[in-house]
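The values are calculated or read from the model by the stated rules, or taken from the named source; none is laboratory data. It should be emphasised that the depicted structure is a prediction, and the values quoted were computed from it without experimental measurement. Neighbour counts run over all protein chains shown; Cβ positions are idealised from the backbone, glycine included.
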Amino acid sequence: MPLTNRSEVVQPSELSWSERLYLPAILKGMFITFTHLFKRTPTVKYPEQKRDIAPVYRGQHVLKRDDAGAERCTACGLCAVACPAEAITMESAERNKGEESLYREEKYAKIYEINMLRCIFCGLCEEACPKEAIFLTDRIVPTTFNRGEFIYGKDKLVETLEERIDVSDRQRPEVLKFKEDKKHKHNKTFLDKTTTAKRGH
Amino acid sequence: MLTEYAFWFLSFLAVFSALTMVVTKNPVYSVLSLILTFFAIAGHYFLMNAQFLAAVHIIVYAGAIMVLFLYVIMMLNLNKFEDEKKSLFMNSLSVIAGCILGFVLLAVVKRTDELTIVAKASSAEVGLVENLGNALYKDYLLPFEMASVLFLAAMVGAVYLSKKEMV
Amino acid sequence: MDPILLYKIILCVIVFAVSLGIAAYMTWGERKIAAVLQDRVGPDRAGPFGLFQPLADGLKMFMKEEMIPGASNKFLFILAPGFFMLTACMTSVVIPWGSGLEINGTVYPMQITDINIGLLYLLGVVSIGVYGIMIGGWASNNKYSLMGALRASSQMISYEVAMGLALIALVMWTGTLSLGEIARQQDAGWANVVYQPLGFLIFLICAFAETNRAPFDLPESESELVGGYHTEYSSMKLGFFLFAEYINMFISSAVLATLYWGGYNFPFQHELGLEGNTLAIIQTVVLFAKILIFIFIFMWVRWTLPRFRYDQLMNLGWKVLLPLAIANIFFTGIGMYLFGKLG
């Protein structure tokens, strides 16, 4: 008994004489493949040609320094909490005297690690960051043969003084505006999350 | 001179592979050596200027019939040869049958002296396609057609036997 | 040394080298055509347009580890690819590659041997070609290999019948079994395909089946039989099997071009005002162009049509092509009567 009246019993119709000859169908198929000889291939020959990447492409992370060259990150841990893949770990330390040019605030990240195998490049860390310290960039994480090498420490994440990484595309006014609104909302979800986590325990 | 060497080589090959075919225990080797025998015999036809016969011999025997033989042997997987014990009665019967066949063959070989004249006459262009066709379709038309009718009857019989449901 | 004999030896070597070279580049062509038909790029890393890919593949084949299964029949296992290769190369001797070169007043025909049973020789070599596959498949001692071998043998035997009958109609029309003579006849008149369109179609389909090409590639259907008859093969032995298939395809294309499409002849060849050797060389080039077109058709069909099911294959061979071939013989007879070709 049919559950709905949408079902329909399909009866294959008898093939006509020309259909049973098969040759017209074969020739039709051959014609279709032949037309593909003259079609443009959509292939991008990767190492030589690169595809255009969106200005806000989410690739390998960077830990920014401020204009004076001090690290912006204060190891607040909001990025680690926001991270849905739990790819970020960090350890904070207090800034000593004489290190003011290195770290912008009194607390800094002694260890900051992102596991690139876990990371899903969603960009929530960037949204969560209150100090404009972490950004995703249009660089692609290179592959290696070793799992351990995918855990990026500060040596790979923090931009060098010589080669500053431009993230101005990610700080356009509308993006900043969006982040401003989002920050409030994010903080709310952050609170929600911690409470549910507590309840869960 | 070259033909003579070729003759001896082909004769040796034919006899050797025929013996291998009988002696070897692996049925696949038997079939393969039989194929080799056919090739040697086809070579003999070539030497006798019967090219058409040689080619047809290869196509029909080596190309079709032996492929079917090999097909059946592979299908049945007769790899393991089981040496069945046969009764004394069966063994003695087969010995007698073999002796009779050997006797017939000996008699044929003994009479080959009388056939030498015919063999010499055939060395011209008797084996070429045109002459063979003329002979088959003019001089021997009736026997040729009778043979084809025989094949047709055999084919109908085979089709009838292979039908699962008997009419 | 007899100049004719020397010439024949040189021609043998050239034909052998050219068939191997073309077969090698057919692997490249196959991948390139497949790629283009599927809107891809294909091999393009080794050299310009990937032209050195066959060399890299060949080198890879030679360098790979040689595996011979422990439970296999070693003698036959090694014999099979060589035999397959041999039968693939043997057919090229009866094909007329051009009309003839005139050097120092002697005309050297561009055909290794013009035996008067050329067509039968062709059929004979094709019919024993299956042994390489059968022996290889059986000697591997592997179910899939054996299945591939059995499929190959039954398929080849089935399609040989229709192929032979299609050729008989052609032989009736041309009145000769010699390929050289058939090619010369087409110089005077039309190409044979004008008189034998049905025969050509049947022969073409059978050529696909005999070379184990898609849509008749059941002996090596990778989705059902792993690798078919060459599942257990590796290294250059596998290379021989794959290579011989391409040589078969090349030779089949040459036969198709010679028998049905005028061979080395091309329209208005005598009106061009070319003489002797220039014309002969152009004719050879034309023949190779025809062969390349057929090779393209082989590949084009492979990347268009899906594989036949086994019963469909047998039905097509025995219930469609065979009656068609017999009808073709009948019509050819009527045609010969009407054209007054009966002697």
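Here B:Ala121, B:Ala107 are screened, and the one residue that is at pLDDT 65 or above and loosely packed, with under 10 Cβ neighbours inside 10 Å is B:Ala107.
Scanning the stretch A:1-39 for residues that are assigned to a loop (DSSP other than H, G, I, E, B) and of a type in the set (S, T, N, Q) yields a count of 6.
Restricting A:Arg58, A:Arg51 to residues that are within 30 Å of A:Gly123 (Cα to Cα) and in contact with a Cys (Cβ under 8 Å, 6 or more places away or on another chain) narrows the list to A:Arg58. Is it the case that the stretch C:51-72 has a residue that's over 30 Å from C:Thr304 (Cα atoms) and within 14 Å of chain B (Cβ to nearest Cβ)? For the stretch C:51-72, residues over 30 Å from C:Thr304 (Cα atoms) and within 14 Å of chain B (Cβ to nearest Cβ): present. The number of residues in the stretch C:63-96 that are closer than 29 Å to C:Ile291 by Cα and assigned to a helix (DSSP H, G or I) comes to 15.
For the residues B:Ile100, B:Ile73, the requirement of being at pLDDT 85 or above and in a helix (DSSP H, G or I) singles out B:Ile100. Consider C:Phe339 carefully, then state whether it is at pLDDT below 85 and surrounded by fewer than 14 Cβ atoms within 10 Å (Cβ to Cβ). Judged against the criteria, C:Phe339 is a match.
Taken over the stretch C:183-213, the criterion of being modelled with pLDDT under 85 and of a type in the set (Val, Ile, Thr) is satisfied by C:Val193, C:Val194. Scoring A:Thr35 on the criteria (1) over 15 Å from the mean Cα position of the chain (by Cα); (2) at pLDDT below 85 leaves a single failure, condition (2). Any chance the stretch B:2-14 includes a residue that's loosely packed, with under 11 Cβ neighbours inside 10 Å and either touching a Lys or Arg at 6+ places or on another chain (Cβ under 8 Å) or at pLDDT 85 or above (or both)? Yes; the residues of the stretch B:2-14 include at least one that is loosely packed, with under 11 Cβ neighbours inside 10 Å and either touching a Lys or Arg at 6+ places or on another chain (Cβ under 8 Å) or at pLDDT 85 or above (or both).
Only residues that are polar (S, T, N, Q) and surrounded by fewer than 17 Cβ atoms within 10 Å (Cβ to Cβ): list them for the stretch C:264-283, please. Result: C:Gln269, C:Asn277, C:Thr278. For the stretch C:97-142, give me each residue that is of a type in the set (Val, Ile, Thr) and either within 11 Å of chain B (Cβ to nearest Cβ) or part of a helix (DSSP H, G or I) (or both). Of everything in the stretch C:97-142, those that are of a type in the set (Val, Ile, Thr) and either within 11 Å of chain B (Cβ to nearest Cβ) or part of a helix (DSSP H, G or I) (or both) turn out to be C:Ile115, C:Ile117, C:Val125, C:Val126, C:Ile128, C:Val130, C:Ile133, C:Ile135. Within the stretch C:297-315, being within 13 Å of chain A (Cβ to nearest Cβ) and either part of a loop (DSSP other than H, G, I, E, B) or in contact with a Gly (Cβ under 8 Å, 6 or more places away or on another chain) (or both) holds for C:Met299, C:Trp303, C:Thr304, C:Leu305, C:Pro306, C:Phe308.
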